[in-house]
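Notes follow once the structure below has been shown.
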Amino acid sequence: MPVSFIEQVGRTTTNIMAAFGDFWIFVGRTFRSIAPTFRRWKNLKQVLPQMYDIGTKSVPVVSITGAFIGMVLAVESYTQFKAIGQETRLGTVINLSVVKQIGPVLAAVMLAGRVGGALTAELGTMNVTEQLDALRVMGADPIRYLVVPRFVACVLLTPLLTIYSDFLGVLGGWLISVPFLGVPNQPYWFYSAQGVDTWQVMEGLIKSVFFGGSIGLISCYKGFTCGSGASGVGRACTESFVSSFLTIIVLNFFFAHLLRAAYTALYGTRGLFE
């Protein structure tokens with residue numbers, strides 16, 4: 001029994017390490033294929049349909065998520081700020097939270113669910129029906145033809161969707177704070193402008209670029225390596241979302257620490273109520 005358990009643990013660890021290595025080989029082949037792909041206009045045109053599917057069709061879900069997150073932050077924060085007589089500073093914490101953390105993370109999570117699952121299902125179906133093998137037989141590189149346009153579209157569109165989510169989150173926070181909760185409009189925006197500067201906005205956008213790249217790479221890899229049959233495609237879609245979500249959370253932690261250290265080194269520290 002102990003020998004069997006140790007054997008199972010070793011086999012699982014070996015499989016995980018092998019899959020991890022295969023993923024980074026896939027990432028290397030993708031980056032190596034980016035430059036050759038965009039040397040020809042015919043290949044560049046393949047990105048435009050992916051930008052429509054990934055960007056335009058994601059606008060409704062990102063809009064609703066961003067707006068209601070700003071509203072929820074306003075409702076939950078107002079009581080605490082009013083208790084200490086600082087309700088005019090409410091816009092600072094709402095807008096800072098939206099542009100630095102909640103906006104980029106939730107926009108990426110929504111894309112991982114809507115876009116990541118679709119990419120995995122599409123490529124997984126092509127893998128199961130041997131369309132990827134047919135491309136290889138015809139001399140075409142499936143990564144250059146299928147993965148690179150989707151990856152580039154994810155990298156380009158995720159920051160734009162993050163900006164849209166941030167804008168609606170800020171607008172939703174103002175809509176609840178000023179017209180409904182009675183926070184004075186001028187101090188609300190004055191302290192918001194003091195608390196949120198260009199660095200905070202760029203911090204969220206920098207993270208969103210890496211979030212989008214992670215979603216594209218993980219989704220395409222899971223589609224390329226899915227198991228056979230409908231169950232294999234379904235399992236790959238689930239693994240794609242879970243892996244993308246965990247990657248977003250882990251990247252957000254490391255980027256938060258790295259960018260905070262960079263901001264402190266460049267500008268020092270400042271408090272919320274200064």
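The values are calculated or read from the model by the stated rules, or taken from the named source; none is laboratory data. Keep in mind it's a predicted model, so treat the numbers as computed, not measured. Cβ atoms come from the backbone with ideal geometry, glycine included; neighbour counts cover every protein chain shown. Side chains included, ligands, DNA and RNA excluded: accessible areas come from the protein's heavy atoms. Shrake-Rupley method; radii C 1.70, N 1.55, O 1.52, S 1.80 Å.
Annotations
- Accessible area per residue was computed with a 1.4 Å probe on protein heavy atoms; ILE25 scores about 100 Å².
- Unit charges at the beta carbon, dipole of the chain: most positive-side option, PHE23, PHE245, THR12: PHE23
- Shape category assigned to the chain from the gyration tensor of Cα positions, a/c cut at 1.5: prolate
- Solvent exposure of region 153-274, expressed per residue, is 50 Å² of accessible area, with all protein chains present and a 1.4 angstrom probe.
- Stretch gain in nm, segment TRP24-ALA262, where the contour uses 0.36 nm per residue and the Cα spacing is subtracted: 82.9 nm
- Probe 1.4 Å - accessible area at VAL242, Å² to nearest ten: 70
- Of all complete DSSP H helices in the chain, those with a Cα span along the helix axis of 24 Å or greater and a mean Kyte-Doolittle hydropathy of -1.0 or more are 2-37, 59-83, 148-175, 198-224, 229-267.
- Part-to-part distance (alpha-carbon centres) for region 204-274 and region 114-158, which is given in Å: 20
- Residue-count net charge about CYS226 - beta-carbon cut-off 15 Å; Lys, Arg +1, Asp, Glu -1: -3
- Full extension of the chain between GLU76 and ALA230 gives 51.1 nm of extra length, using 0.36 nm per residue less the Cα-Cα distance.
- Counting 0.36 nm for each residue step from VAL242 to LEU175 and taking away their Cα separation leaves a gain of 20.8 nm.
- Fraction of accessible area attributable to carbon and sulfur, the chain (%, probe 1.4 Å): 69
- Prolate/oblate/rounded call for region 170-256, Cα gyration tensor, a/c under 1.5 rounded: prolate
- Mean separation of Cα pairs under 8 Å and 6 or more residues apart, divided by the residue count, gives the chain a relative contact order of 30 percent.
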